[in-house]
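Worksheet: the structure to be examined is printed underneath.
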Amino acid sequence: MEKTAAKPGDYVEVHLTKLIYEGILLESPENEKGTVLLKLDSGYNIGFNKKDILKIVLMKKAREKEKGEFEVKKNPEKKNVAMIITGGTIASVLDTKTGGVHPLQKPEDFFRFYPELFEKVNVAKIEIPFMKSSEDMDFKDWQKIAKTTVELLNDNNIQGVIITHGTDTLHYTSSALSFFIKDLNKPVILTYSQRSIDRASSDANLNLQCSALAAISDIAEVSLVGHGTSNDDFCYSMPGTKVRKLHTSRRDAFKVVNDKPFAKIFPDKIERISEWKIRNKNKAKLDAKFEEKVALVKIYPGQNPDILDYYSKKGYKGIVLELTGLGHAPTKKSRNSWTLKLKEIQKKGIVVCATSQCIFGKVDPLVYSNGREILATGVIYLEDMLSETAFVKLGWVLGHEEWKKNKKIVKEKMLENIAGEFNKRLEE
Ligand code: ASP
């Protein structure tokens, strides 16, 4: 192998006899000095035997870490936004020793990687309630984010709030904020990246630039802003209760389900797609009560309903059942009918709601007799609501002691369109 100027962290081409691989050069482990490790754009690590490599061509040096404290510069001609950084890939860098991605040591370093953000707005306030991957979050984290967001929304100096977050459970958080914040007055934008910021193919920059524009727009909604396609051309602003992660790795991982995005957002312009609530003089309020004892259960063929005994014994107060098709579970002809058990647990006071595992479309229990049988047990069918949104909403509704006492009120609340979770105009 020819000598190379490339160092771990640099973007390189590895030339073999017939193939060329591109990626970030990683440090070779101590005991494997004969190996060259590369992080491919796909995220996978690949190892080569040094003997097989003709040459390593340096394509792009790794971003040098600037020395000293980083100062967030303010420009009086630009509007002020606030940022809440919570962790996830968007606040992570590649560890060239392991090839894994880990959170930034100093979250403020975030701004070194995204100077483009300051071309549009002043980041006047930065809050870092915690730094974690989104799969490690739960309702207590949603409550922390919501509380911080409400404080920032009621600061007259701030035009909008941008929250950066991991992708895995981002749509749960966007739902939670949609229910937890009442009388919303300004934009609340959640954004992410699928590739860490130091990767050549990072999607963070476009997402942040579009988020900045959305945060100073008049879209007073909780929305998720992210890539509209797998190219780096535009983002969508998507309603917080109607969005879902639908791809494990693509930049445009999030899609609106059963509804439309609010807008198409380019780094320098916003194109309206549907209606949104506009910026106003309300005072945002926090209503973040949550009943922890709620579960989301997916039905599969032949599933035994005894699983419901577990939830009942453990003191669960509510269950969202993700049913098959239009809203079915094993009934009459099944060896494991759910009908009796559903009746039994609802009699004990557990609230049971139903969504569809189809993702697109809405549940309709009246089409088949099996659906009618489940409906007759008292299950609340949630139309076109996403299962994740239904789970968050049920926890939020049952978190209100004054509603929880009365099954009728719980049902009314679950079927009331509180934060855009139902789309009454859904076409067939
Ligand atoms: N597992 C990570 C998370 O959800 C992935 C990401 O950040 O995109 O935090």
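Assorted remarks:
- Taking residues in segment 74-95 that are among the small types (Gly, Ala, Ser), and partners anywhere that are more than 15 Å from the ligand (Cβ to nearest atom) and outside any helix (DSSP H, G or I), the pairs with Cβ atoms closer than 6 Å and at least 6 places apart or on different chains are Ala82/Lys125; Ala82/Ile158; Ala82/Val161.
- Among the residues of segment 277-298, the ones that are crowded, with 19+ Cβ neighbours inside 10 Å, in contact with a strand residue (DSSP E or B) (Cβ under 9 Å, 6 or more places away or on another chain) and part of a loop (DSSP other than H, G, I, E, B) come to 3 in all.
- As a summary of the residue check, His15 satisfies the conditions (1) modelled with pLDDT of 90 or more; (2) under 20 Å from Lys97 (Cβ atoms); (3) not hydrophobic (A, V, I, L, M, F, W, C) except for the one numbered (2).
- Each residue in segment 219-256 was checked for being within 20 Å of Ile418 (Cα to Cα) and part of a loop (DSSP other than H, G, I, E, B), and 5 of them qualify.
- If you go through segment 382-404 and keep only what is assigned to a loop (DSSP other than H, G, I, E, B) and either modelled with pLDDT under 95 or touching a Leu at 6+ places or on another chain (Cβ under 9 Å) (or both), you end up with Leu382, Glu383, Asp384.
- Total residues in segment 330-349, condition surrounded by 15 or more Cβ atoms within 10 Å (Cβ to Cβ), in contact with a Pro (Cβ under 7 Å, 6 or more places away or on another chain) and assigned to a loop (DSSP other than H, G, I, E, B): 2
- Any hit, segment 275-283, residues being closer than 25 Å to Lys147 by Cα, at pLDDT 95 or above and within 22 Å of the chain's Cα centre (by Cα): yes
- Residue pairs meeting the criteria (Cβ under 9 Å; at least 6 apart or on separate chains; first under 16 Å from Asp287 (Cα atoms), in segment 132-153; second hydroxyl-bearing (Ser, Thr, Tyr) and away from the ligand (no atom under 14 Å from the Cβ)): Trp142/Ser175
- Which numbered condition Met131 misses (of (1) more than 20 Å from Asn207 (Cα to Cα); (2) within 15 Å of the ligand (Cβ to nearest atom); (3) touching a helix residue (DSSP H, G or I) at 6+ places or on another chain (Cβ under 8 Å)): (1)
- Hits in segment 194-213 (condition: hydroxyl-bearing (Ser, Thr, Tyr) and either farther than 22 Å from Leu246 by Cβ or at pLDDT 90 or above (or both)): Ser211
- Selection count where residues are away from the ligand (no atom under 14 Å from the Cβ) and surrounded by 18 or more Cβ atoms within 10 Å (Cβ to Cβ), scope segment 110-126: 10
- Hits in segment 177-202 (condition: within 15 Å of the ligand (Cβ to nearest atom) and touching a helix residue (DSSP H, G or I) at 6+ places or on another chain (Cβ under 9 Å)): Leu190, Thr191, Tyr192, Ser193, Gln194, Arg195, Ser196, Ile197, Asp198, Ser202
- Residue match in segment 145-160 (condition: within 16 Å of the ligand (Cβ to nearest atom), over 12 Å from Thr191 (Cα atoms) and either in contact with a Phe, Trp or Tyr (Cβ under 9 Å, 6 or more places away or on another chain) or not polar (S, T, N, Q) (or both)): yes
- For segment 109-132, a tally of residues being within 17 Å of Asp268 (Cβ to Cβ) and in contact with a Gly (Cβ under 8 Å, 6 or more places away or on another chain) returns 0.
- Residue ID - farthest from Met1 (Cα to Cα), chosen from residues in segment 41-51 that are surrounded by 15 or more Cβ atoms within 10 Å (Cβ to Cβ) and modelled with pLDDT of 80 or more: Ile46
The values are calculated or read from the model by the stated rules, or taken from the named source; none is laboratory data. For clarity, every value in this text was computed on a predicted model and none was experimentally measured. Backbone-built Cβ (ideal geometry, glycine too); neighbour counts: all protein chains shown.
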